[in-house]
Amino acid sequence: MAKRDYYDILGVDKGADAKTMKSAFRKAAMACHPDRHPDDPQAEARFKELNEAYGVLSDDQKRAAYDRHGHSAFEQGGMGGGGAGFQDFNDIFSQIFGGGGAGGGFADMFGGGGGRRNTAQRGSDLRYEMEISLEDAFKGKDIDITVPIADDCDRCDGIGAEPGASVETCSTCGGAGRVRTQQGFFTMERACGTCGGQGEYVSNPCRQCDGQGQTRMQTDLDVSIPAGVEDGTRIRLTGQGDAAPKRGSGAGRQRGDLYIFVSVKPHNLFEREGANLFCRAPVPMTVAALGGDIEIPTIDGGRAKIKIPEGSQHGKRMRLKAKGMSVLRSAQRGDMYVELAVETPAKLNKRQRELLEEFASEGGIETSPESQNFFDKAKNFWDNLVD
Ligand SMILES: [Zn+2]
Ligand SMILES: [Zn+2]
């Protein structure tokens, strides 16, 4: 039986672009859509024909094969048979008519069917938020947490039926979990409403889990937070998530994973940047001028002495090697940078004021390197204005 040319079926030229074909198909398919012509075998045949033609021509590869070899391109072994259009049916349909179409998701149509049971199932992943201090991030810590994890109900052993009661195969779907209905030439497949897609039901559901087969148990876990952990780190505990439901998991069950999301609290002394720490240390004006030692805290709980050289300026940065954060999975440590905040004395008593006034009357600009620099620049600025 001679097959009609696909381009003729759609009523487009051989050179038609995708848009032209799509609109031609849409128009023609709408006119003979089975919803509009129930029980009209001619409309149905026409619709099938259109669909097949569009299925081939809207696919660049199949179209190229068709252009070269005609219908024989799809005869046995070729590119998936003349019914190729049906392979792509969902795509075409959601494209053309938008998901809703003939009632109910098209994704449900022609779907594998009956595959519900006997597929391996995986339990849900769980997420646990944990906030730790910077000190703990430095040292690392074992932390006990309690997580509600889904597991087989111990009363019904995950079956969902009261002890002694049985699980019965759903008579509506015969255990498949899915039912098919015929509408025109469409076969619709949906989850069975009687058993909720389980393929079986429990006439006497377990009292403890309400027939679910699972309960969430508060489970204690010991989580090791490694030293050097960064804010926002995600730690995966493989297989510590929810158990997969026992019912409907014919081909094995796999537990989900538990993810620990670690956030590190801001510290009131140290600021962290990767492995390095930053700290602002106040230094009395006299120490900055005369030189001396100051002591500052370190993240490991100890103290570090810093030698302040004579004439240190405000904002000076000093580096303490290997006094920073620990580095993840390494014996190394980052550095600590200390920024000096030179402090001007406030609330002077009479004697202090006299001494400072005396100091001021002695001092010239040469004792203030930054002022010297600033006023040199200012002088240049004014001189240039005059020119
Ligand atoms: Zn139970
Ligand atoms: Zn059923």
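The values are calculated or read from the model by the stated rules, or taken from the named source; none is laboratory data. Owing to the predicted nature of the structure, the values given are computational and were not obtained by experimental measurement. All Cβ positions, even for glycine, are placed from backbone atoms using ideal geometry, and neighbour counts span all protein chains on display.
Miscellaneous remarks
- Neighbours by Cβ (under 7 Å, 6+ apart or cross-chain): first from the range 372-386, free of Cβ contacts under 8 Å to residues at least 12 places away in the same chain and not assigned by TED's automatic domain parsing to the domain that holds Gln313; second of a type in the set (D, E, K, R) and in a helix (DSSP H, G or I): Gln372/Glu366
- Number of positions in the range 172-183 that are out of contact with any strand residue (DSSP E or B) (no Cβ under 9 Å at 6 or more places or on another chain) and either within 12 Å of ligand 2 (Cβ to nearest atom) or not in a strand (DSSP E or B) (or both): 2
- Scan of the range 264-292 for residues that are under 24 Å from Arg333 (Cβ atoms), small (Gly, Ala, Ser) and either part of a loop (DSSP other than H, G, I, E, B) or in the same structural domain as Tyr128 (by TED's automatic domain parsing) (or both), ordered by number: Gly274, Ala275
- Check on Gly193, within 16 Å of ligand 2 (Cβ to nearest atom), more than 26 Å from Val327 (Cα to Cα) and surrounded by fewer than 17 Cβ atoms within 10 Å (Cβ to Cβ): yes
- Test for Lys347: is it surrounded by fewer than 11 Cβ atoms within 10 Å (Cβ to Cβ) and on the phi > 0 side of the Ramachandran plot: yes
- Residues satisfying the stated conditions in the range 203-222, i.e. in contact (Cβ under 8 Å) with a residue 60 or more places away in the chain and among the acidic types (Asp, Glu): Asp220, Asp222
- Residue in the range 217-231 that is within 16 Å of ligand 1 (Cβ to nearest atom) and of a type outside the set (S, T, N, Q) present: yes
- Here Phe270 meets the list (1) among the aromatic types (Phe, Trp, Tyr); (2) surrounded by fewer than 18 Cβ atoms within 10 Å (Cβ to Cβ); (3) in contact with a strand residue (DSSP E or B) (Cβ under 8 Å, 6 or more places away or on another chain) almost entirely, failing just condition (2).
So that you can scan it fast, the table gives a plain yes or no per residue for (1) without any contact (Cβ under 8 Å) to a residue 40 or more places away in the chain; (2) closer than 30 Å to Cys153 by Cβ; (3) of a type in the set (D, E, K, R); (4) surrounded by fewer than 17 Cβ atoms within 10 Å (Cβ to Cβ):
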position	(1), (2), (3), (4)
Gly239	yes, yes, no, yes
Lys246	no, yes, yes, no
Leu290	yes, no, no, yes
Asp293	yes, no, yes, yes
Lys316	yes, no, yes, yes
Met325	no, no, no, no
Tyr337	no, no, no, no
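- Strands (runs of 3 or more DSSP E) wholly inside the range 184-253 that include at least 1 residues being more than 30 Å from Ser133 (Cβ to Cβ) and basic (Lys, Arg): 186-191
- Any hit, the range 151-164, residues being touching a residue at least 12 places away in the same chain (Cβ under 8 Å), more than 14 Å from ligand 1 (Cβ to nearest atom) and crowded, with 19+ Cβ neighbours inside 10 Å: no
- Whichever residue in the range 166-202 is within 16 Å of ligand 1 (Cβ to nearest atom) and in contact (Cβ under 8 Å) with a residue 40 or more places away in the chain and, among such residues, is nearest to Arg36 (Cα to Cα): Gln198
- The condition (being within 16 Å of ligand 2 (Cβ to nearest atom) and either outside the structural domain of Gly123 (by TED's automatic domain parsing) or more than 26 Å from Gly241 (Cβ to Cβ) (or both)) is satisfied by just one residue among Gln198, Gln208: Gln198.
- Residue match in the range 207-221 (condition: surrounded by fewer than 19 Cβ atoms within 10 Å (Cβ to Cβ) and under 30 Å from Arg333 (Cα atoms)): yes
- Residue match in the range 110-125 (condition: in a strand (DSSP E or B) and either modelled with pLDDT of 80 or more or within 30 Å of Arg234 (Cα to Cα) (or both)): yes
- The single condition among (1) within 36 Å of the chain's Cα centre (by Cα); (2) away from ligand 1 (no atom under 16 Å from the Cβ) that Arg280 does not satisfy is (1).
- Of all residues in the range 1-42, those being among the aliphatic types (A, V, I, L, M), without any contact (Cβ under 8 Å) to a residue 12 or more places away in the chain and surrounded by fewer than 12 Cβ atoms within 10 Å (Cβ to Cβ) number 2.
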